[in-house]
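The values are calculated or read from the model by the stated rules, or taken from the named source; none is laboratory data. Quick caveat: nothing in here was measured; it's all calculated off a predicted structure. All Cβ positions, even for glycine, are placed from backbone atoms using ideal geometry, and neighbour counts span all protein chains on display. Accessible surface areas use protein heavy atoms only, side chains included; no ligands, DNA or RNA. Shrake-Rupley method; radii C 1.70, N 1.55, O 1.52, S 1.80 Å.
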Amino acid sequence: MMADVPQPEPRKVAAIMFTDMVELSPEARRDEALNLELREEHGRLVRGLLSGHGGREIKQMEDGFLVEFDEALPAVSCALELQSALCARNECVPHERRVELRIGIHLGSVVHRDGDVFGEGVNLAARLEALARPGSLYVSESVVRQVERQVLAPVVRLGRSDLKNIRLPVSVYRIDPPVLRRTRRGSWISRLRGLLPGRRRVRS
């Protein structure tokens, strides 16, 4: 009798987004209550924006999120909106309450298993996030090919990089969030109030 041959795990192409919160201010690191409050605020903001772009939260790590999208464009749109919203928020709070993120996105093959997602597509997105500077979005060439004609934001090629545990050098790009116009700050602050109920320190 022949032994059962293991079936290959089904793969799909997805846009994987990693976010990570930049180290908080020294004041927030010393104040446990403030530290927890800012982390919870960060989580509410991320989750509040994900649903509007079709993002699926795979898991939350200590300071960030792993999120899956069916396509690159909604992933990039969500990331840019998130960075812009945080920029507007940070203009209206004291320095010790600032929250900044690094974000990386890659479009590639992934495997779903036990509620988690695996594959080089996940690993590459994580490496791009680790490269990103605070407040920015770093993406791979596969993402740029899908979105460069559709996003109203500067796309900057940073060159090829050797990333840890990635077989070949990767072309890395930075997409900068559009600069918020002063005339639009009020609308962003209104939206932030809706996403962050109970917050009183955010002022228009």
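Residues in segment 22-40 that are among the hydrophobic types (A, V, I, L, M, F, W, C), open to solvent by 10 Å² or more (accessible area, probe 1.4 Å) and not in a loop (DSSP other than H, G, I, E, B): 3 in all. Of all residues in segment 132-175, those that are among the aliphatic types (A, V, I, L, M), open to solvent by 30 Å² or more (accessible area, probe 1.4 Å) and under 15 Å from G108 (Cα atoms) total 1. Just one of (1) open to solvent by 10 Å² or more (accessible area, probe 1.4 Å); (2) within 20 Å of the chain's Cα centre (by Cα); (3) within 29 Å of S109 (Cβ to Cβ) fails for G43. It is (1).
The C-beta contact set for segment 139-159 (first residue hydrophobic (A, V, I, L, M, F, W, C), second residue at pLDDT below 85, distance under 6 angstrom, 6+ apart or interchain) comprises A153/P178; V155/E148. Residues that are surrounded by fewer than 19 Cβ atoms within 10 Å (Cβ to Cβ) and not β-branched (V, I, T) within segment 101-118 comprise S109, H112, R113, D114, G115, D116, F118, listed in sequence order. Screening C92, C78 for residues that are farther than 30 Å from R11 by Cβ and either β-branched (V, I, T) or out of contact with any Asp or Glu (no Cβ under 6 Å at 6 or more places or on another chain) (or both) leaves exactly one candidate, C92. Look at segment 98-124: where a residue is closer than 19 Å to E148 by Cα and a partner is open to solvent by 60 Å² or more (accessible area, probe 1.4 Å) and basic (K, R), sitting 6+ places away or on another chain with Cβ atoms under 8 Å, you get G104/R127.
Is it the case, given these coordinates, that V13 is part of a strand (DSSP E or B), under 29 Å from E148 (Cα atoms), among the aliphatic types (A, V, I, L, M) and more than 17 Å from the chain's Cα centre (by Cα)?
Numbers: part of a strand (DSSP E or B): yes; under 29 Å from E148 (Cα atoms): yes; among the aliphatic types (A, V, I, L, M): yes; more than 17 Å from the chain's Cα centre (by Cα): yes.
Taking the combined requirement at face value, the residue satisfies it.
Screening T183 against (1) at pLDDT 85 or above; (2) open to solvent by 30 Å² or more (accessible area, probe 1.4 Å); (3) of a type in the set (S, T, Y) leaves a single unmet condition, (1).
Taking the listed residues E23, E68, E57, the one that is out of contact with any helix residue (DSSP H, G or I) (no Cβ under 7 Å at 6 or more places or on another chain), without any contact (Cβ under 8 Å) to a residue 24 or more places away in the chain and either charged (D, E, K, R) or closer than 16 Å to V143 by Cβ (or both) is E23, with no other qualifying. Restricting the search to strands (runs of 3 or more DSSP E) fully inside segment 85-159 and requiring at least 2 residues that are touching a strand residue (DSSP E or B) at 6+ places or on another chain (Cβ under 7 Å) and at pLDDT 90 or above gives 101-113, 137-140.
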